[in-house]
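As structure tokens, the structure follows; a few thoughts come after it.
The values are calculated or read from the model by the stated rules, or taken from the named source; none is laboratory data. Remember, it's a predicted structure, so these values are computed and weren't measured experimentally. All Cβ positions, even for glycine, are placed from backbone atoms using ideal geometry, and neighbour counts span all protein chains on display. Heads up: the accessible areas ignore ligands, DNA and RNA and are worked out on the full protein's heavy atoms, side chains in. Shrake-Rupley method; radii C 1.70, N 1.55, O 1.52, S 1.80 Å.
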Amino acid sequence: MNDGSSPEGAVPEHCCRDLGTCQSPMPSNTLSVLFSPPLIFACAATGAAETVTVDGQNLATDNVSVIEGEMATISCRVMDNDDSVIQLLNPNRQTIYFRDVRPLKDSRFQLVNFSDNELRVSLSNVSLSDEGRYVCQLYTDPPQEAYADITVLVPPGSPIIESREDVVSEGNETELTCTAMGSKPAASIRWMKGEEELTGETTVEETYDRMFTVSSRVKISVTKEDDGVPVDCIIDHPAVKDLLAQRHLEVLYKPEVKIVVTYPEGLTREGDNLDLTCIAGGKPHPHQINWLRVDDDVPSHAVVTGSDLYIENLNKSYNGTYRCVASNTVGEAYDDYILYVYDAPTTIPTPTTNPVNTQDSRAGEGAPQKIDHAVVGGVVAVVMFAILCALIVLGRYFARHKGTYFTHEAKGADDAADADTAIINAEGGHNNTDEKKEYYI
């Protein structure tokens, strides 16, 4: 052969002499073996391996998947060997190793281990051309042969995401396409929008060199909440991990409007001033903000400065709904403020005595009333004074009205012999007796 490799079944001359089975004439550096008895073949390489055992044989083999450019290890293993010769052949049935000799002039094959029970060979820088079925042969009676398939994996290139449009308005639909090229086997594609998994439509195309190009397309209906959300195209392939491409959605949406009362903080009353601020956002930012009064005109002396509305000296004729309208290229939105002007607060005269605190009736509703101790003390003082005056009047009255009466002694009872005589004497004779007086003090 042009590359100097041995023909099918060729072995070195000294090996042929050992076997005693050579065919002549032959090239000077090789001998053709007249028989190809089966033996064991096993492959080990980077990736998953599958052990293959042939029933009735002392053989074991491994089917291997290896990533392109990496190293595969081929192992022919024999159990209970009786000094039979081990040989390794490539998919073209060319001898790679006969015992520990390499007839094939491909330096990528290197002997790792040789013994009576194993022939192990490494293959570096694996390429697609190395893919196929390798054969291990064992020269026994009957001869034995086993096979192992080497599968070369080719990872896809970096995925590419393309969008039908770079910017989309809320409520519309956008379409994204992700492509993974040059893989073997064909890759699979998954879509994620934030934490949500999406379902795409996949297309697989096989190229002339047994490679695959995979494309996936997904459609997304967007809202304003989707603005800035990442969309990931995730590639699943046995030769690569964590391969993805990402694109952030850019969504345009109409303004969001809110009216804030800057002044006053409480109720709006007659004579007060009113200051309103319109806060508007959106994408793009609103280019125009207008103030209007629903079903009526804005007061003539109202001042509009950008997003602010200022009305001074309020009265009830200004009651109504005031609206702030903001617009951008997507649309417009508004917010309303209902103005109701209350009566001006009643003026309370300044007290001449201790002042009493006042507050809005709504703020004090339901609160416990405070006790005025000064008032209670005054009432008690008045009551005590009235009682004292009553005592003085009664004392003077009793002092001026004395009590006068006669006792039995004054009526002549002392001179009477008995009680009856005393009574008779008392009825008409008391003028001759001394008066005895008693007084109430």
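What to note about this one:
- Share of carbon and sulfur in the accessible heavy-atom surface of the stretch 70-121 [1.4 Å probe, %]: 40
- Scaled radius of gyration (Cα, divided by 2.2 N^0.38 Å) that the stretch 235-286 gives: 2.49
- Extended-chain gain in nm, criterion 0.36 nm per residue less alpha-carbon gap, GLU256 and TYR310: 17.3 nm
- Where labels lie 7 Å past Cα in the beta-carbon direction, separation of SER127 and ASP83 in nm: 4.2
- Extension gain, GLU175-GLU196: 0.36 nm per intervening residue step, less the Cα-Cα distance, totals 5.9 nm.
- Using a Förster distance of 60 Å, the FRET efficiency for LEU244-VAL101 (Cβ separation, nearest 0.05): 0.80
- Kirkwood Rh and Cα Rg combined as Rg/Rh, the stretch 290-335: 1.01
- With 5 Å bins from 0: P(r) over the stretch 135-252, alpha-carbon pairs, percent: 2, 11, 18, 17, 13, 9, 7, 6, 4, 3, 3, 2, 2, 1, 1, 0, 0
- Inter-label distance, SER317 to HIS301: 1.1 nm, where each label sits 7 Å from its Cα along the C-beta direction.
- Based on every Cα atom in the stretch 54-159, Rg and the maximum pairwise Cα distance Dmax equal 14.4, 55 Å.
- Solvent exposure of GLU205, expressed as accessible area, is near 110 Å², computed with a probe of 1.4 Å over the protein chains only.
- Evaluating 6.51 cos²θ - 1.76 cosθ + 1.60 at θ = phi - 60° for every residue in the stretch 79-91, the Karplus couplings come out as 9, 6, 6, 10, 6, 6, 7, 9, 9, 10, 10, 8, x Hz, glycine and proline recorded as x.
- Placing pseudo-labels 7 Å out from each Cα toward the beta carbon at VAL294 and ARG210 gives an inter-label distance of 7.4 nm.
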